[in-house]
Amino acid sequence: MTVSLDDLPIRADLRGQKPYGAPQAPLPVALNVNENTHPVPEDVANDISDAIAQALRDVNRYPDREFTELRESFAQYLGHGVDSSQIWAGNGSNEVLQHVLQAFAGPGRTAFGFEPTYSMYRLLSRGVGAEWLAGTRGHDYRIDPEDAARQVADAHPDVVFLCAPNNPTGTPLSLDVVEAVYDATDGIVVVDEAYQEFAPKDSPSALTLLGGRPRLAVSRTMSKAFAFAGARVGYLAADPALIDALRLVRLPYHLSALTQAAATAALRHADTMLAMVDEIILQRDRMGATLEALGYQAHESWTNFILFGGVADPAATWQALYERGVLIRDIGIPGHLRATAGTEEETTAFLEALSEVGGR
Ligand SMILES: Cc1ncc(COP(=O)(O)O)c(C=O)c1O
């Protein structure tokens, strides 16, 4: 007898739901999940291998539950006077965000975000049994401080997500929105800066707002600029009291000794690991200009990807690119597709395939 999910005594609020499912296909040009498509430089990879080999010798023991050295490394990397008591980390920033929701949302509580935004906020909220409340954006997906504050005050959420810059649209977010939203709620405000390293160098981070705002958290990831998506390392900076709340919900020893060793070693080479960021920005801007020249509307992006509109049939264009070995993302915004900036060759391959396919 075959059993389906519906036959199991699953939680009522999970019945009929769909899991996160960006297609993973072994295509030559994969520009669909905003990875850094440049590999880790050889000398850094060697140093990381040595660190993992060393950690392996003690792998009979549980790892440092407080990942002390890694926390210090993140504090040093972030700067802005952040110290290690203000740092949290997890297996990807997804886990860090889940910890925030487990501690501050959960059944009977709510989480809020301005859609379209990172789809995992909704799924993570559902996973902890919290209700997701969808706010709206203005022209060109921008958020205006007064409107944002009004929406948040009306919704009364326990957790607010501000994606800065925003996925899947690439839109920048100014810090006055963070300040306005913080003042409009008694809940936790998470500024997700997964793509901050791709923003203009002089654009301020929400880290500058942490002082005196104990309900503010700024999350980051090593998956994008650091080219470390496969290692699964994300982190967050906040008041030490907020970090203590996250300790209540994490699994003991949630960061393996191998992960801690790899991430600590990678952070020792932050400059080299980040060397590709400028090249990716160059490809992103070339991609935007070429998309415009092809007649599409490329939305302003401070990330490593571009959302473009003017696609007559996104599903058909996505499929035609797939058949040419190019994987991008149909994120369900009518008339739009999203593509990650890859290496120069990958970006060219995508643009050439798109101009062949046409379909505007
Ligand atoms: C806005 C945003 N936040 C968080 C993440 C999660 O990244 P990770 O769990 O790999 O750190 C992503 C990944 O695409 C993202 O786009």
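The numbers here are math on the coordinates, done by the rules we state, and not lab data. Since the model is a prediction, treat every value here as computed from it, not as a measurement. Heads up, the Cβs are rebuilt from the backbone with ideal geometry, glycines too, and the neighbour counts pull from every protein chain shown.
Brief remarks follow.
- Separation in nanometres of the label points that stand 7 Å from Cα toward Cβ, at Asp278 and Asp176: 3.2 nm
- Among Val96, Gly170, Ala275 the positive-end extreme of the charge dipole of the chain (Cβ point charges): Val96
- Shape category assigned to the chain from the gyration tensor of Cα positions, a/c cut at 1.5: rounded
- Footprinting exposure proxy for Met120, Met276, Met287 (fewest neighbouring C-beta atoms within 10 Å first): Met120, Met276, Met287
- For the listed peptides 48-56, 15-23, a ranking on the average number of other beta carbons within 10 Å per residue, highest first, reads 48-56, 15-23.
- Centroid-to-centroid, using Cα positions, segment 304-331 and segment 4-33 are 20 Å apart.
- Highest-MSF residue in the chain out of Thr221, Thr208, Thr117 [GNM, Cα springs under 10 Å]: Thr208
- For the chain, calculated [θ]222 nm from helices alone, where every DSSP H run of n ≥ 4 adds -39500 (n - 2.57): -11000 deg cm²/dmol
- Full extension of the segment from Thr2 to His156, taken as 0.36 nm per residue of separation minus the current Cα-Cα distance, would add 51.0 nm.
- Of the residues Val3, Ile306, Ala341, the one whose Cα sits farthest towards the positive end of the charge dipole of the chain is Val3 (charges of +1 on Lys and Arg Cβ, -1 on Asp and Glu Cβ, taken about the Cα centre).
- Nonlocal amide H pairs with Glu131, under 5 Å, H built at 1.01 Å: Gly108, Arg109, Thr110, Ala111
- Here the label points at Ala229 and Asp64, each 7 Å from Cα along the C-beta direction, are separated by 2.9 nm in the simple model.
- Cβ-placed point charges (K, R +1; D, E -1), dipole of segment 213-317 about Cα centre in debye, nearest 20: 560 debye
- Rounded to the nearest 20, the size of the Cβ-charge dipole of the chain about its Cα centre is 940 debye, with Lys and Arg at +1 and Asp and Glu at -1.
- If only the Cβ of Lys and Arg carry +1 and only the Cβ of Asp and Glu carry -1, the dipole of segment 197-246 around its Cα centre is close to 120 debye.
- Within segment 46-140, trypsin sites (Lys or Arg not before Pro) in DSSP loop having at most 10 other beta-carbon neighbours inside 10 Å: Arg57, Arg61
- Pairwise FRET efficiency - Val249 versus Ala12, Cβ, R0 = 22 Å, nearest 0.05: 0.45
- Full extension of the segment from Ala45 to Ser355, taken as 0.36 nm per residue of separation minus the current Cα-Cα distance, would add 107.9 nm.
- Separation of alpha-carbon centers, segment 132-184 and segment 265-299, rounded to whole Å: 25 Å
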